[in-house]
Every structure is written in C-alpha cells, then in structure tokens.
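Report on the structure given below.
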Amino acid sequence: MAQAEKTLNDLFLEVLKDMYSAEKQILRALPKMSKVSESEELARAFEKHREETEGQIERIEQVFEMMDKPARAKTCEAMKGIVQEANEVAQEFKSSEALDACLIAAAQTVEHYEITRYGTLKSWATQLGLDDAAKLLDRSLEEEKKTDKLLTQFAEQQANAKAA
Ligand code: FE
Ligand code: FE
Ligand code: FE
C-alpha cells in the first residue's frame, strides 16, 4: 500500500506550505499592480492589501509554530501561473482604458484561489482540533473575501464602465 502513513495532518502541512509560497508571490506582485493602476483609488486598494498580506504571512508562520514545524514554503505552481497570466494580459492592455478592469480581474483570480485554500485549511484545522490555527486562518479568509467584494464593487462602479 503506497503512502498509507499519510494523514490529514500531513495534508494540512502540505497545503500550508503551498499557501506560504502563494502569499509570498502575491506580496511581490501587489506593489507592481499598485504602480501600474490608472486609478489612485485602485492603487491604494492594492497597497492596503499588500499590508494585509504581510499580516497573513505572519499568521501562516504562527500556524507553523503552533505545529512545531519550521515555516517552509513549497512553490505554489498555481499562483505562479496566475501571476504570469496576469502579467501577460496587463502587458497587452498597458496604457489602455481597460487596464484597471484587467488588473481587477487578475486580482480577483488571486483572491478566489486564496479563498478556496484558506477555506480548506480552516476546515482541516478544525477537524484536527487546531482551534487557534483555525481562528487565524479564518481571519485571513475573511480578509480575502472582503478584498474580493471590494474589487467587485470597484469594477462595477468604475473600472468596467471606463473600459467599455
Ligand atoms: Fe492573501
Ligand atoms: Fe497552490
Ligand atoms: Fe488576498
């Protein structure tokens, strides 16, 4: 029987390492997104989320600590792909009226990935009896959801019409 000794605990750690990598990639991408945003307001929203992302990275580090494990990232290939695709499309729409709509769509792709990951990690932490970890993960989950909603609002109230 292959890998019969693997448990939910191992799976939790595996995905935590994936999210640690994903958040670090996002932390590097957000200042660039802020810099190229046409709208001041969008630029500030990206900057604010960059600050939140620093806190989310710290929370992940706290969860590693709670589990007596070293904080280690394992490259999130999904986030690499999302960021790469965003870069390519942003390049194509550079200095167009549709650039902000393009940046928002890319950012929401990131938020949705994070929402699914934090949702899963939170459920697993609860199942594993890691209640303090579940609380930390829930705080990050709520920040991602809030960011996603803000981006939808901004797109529907401003960026989409500007791009049309
Ligand atoms: Fe995040
Ligand atoms: Fe991943
Ligand atoms: Fe986020």
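No lab work stands behind these numbers, since they all come straight from the coordinates. Only a predicted model underlies this, so the values are computations on that prediction, with no experimental measurement involved. Reconstructed Cβ throughout: ideal geometry from the backbone, glycine too, with neighbour counts over all protein chains shown.
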Out of ALA106, ALA78, ALA22, a Gaussian network model of the chain with alpha-carbon springs under 10 Å gives the largest mean-square fluctuation to ALA78
Return the whole-Å distance between the Cα centroid of region 82-121 and the Cα centroid of region 1-75.
16 Å
In order through region 75-81: 3J(HN,Hα) via Karplus (6.51 cos²θ - 1.76 cosθ + 1.60), integer Hz, x for Gly, Pro:
2, 7, 5, 4, 5, 4, x
Pairs of Cα atoms under 8 Å, at least six residues apart: use those to get the relative contact order of the chain, whole percent.
26 percent
In region 1-70, how many lysine pairs have Cα atoms under 27 Å apart, counting only pairs 8 or more places apart or on different chains?
12
Under 16 Å by backbone N from the virtual spin label 7 Å along Cα-to-Cβ at SER123, the residues of region 1-38 are 8-9, 11-13, 15-16
Helix 131-154 versus the longest principal axis of the chain: what angle, 0 to 90°, nearest 10, using Cα atoms?
10 degrees
Could you calculate the FRET efficiency of THR109 with ASP132 from 1/(1 + (r/R0)^6), where r is the beta carbon distance between them and R0 is 22 Å, rounded to 0.05?
0.15
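Can you show me the helix-derived [θ] at 222 nm for the chain, built from DSSP H runs with n ≥ 4 at -39,500 (n - 2.57) apiece and divided by the number of residues, rounded to the nearest 500.
Calculated mean residue ellipticity at 222 nm is -27500 deg cm²/dmol.
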Compute the distance in nm between two label points, each set 7 Å from the Cα along the Cα-to-Cβ direction, one at ARG72 and one at GLN158.
4.4 nm
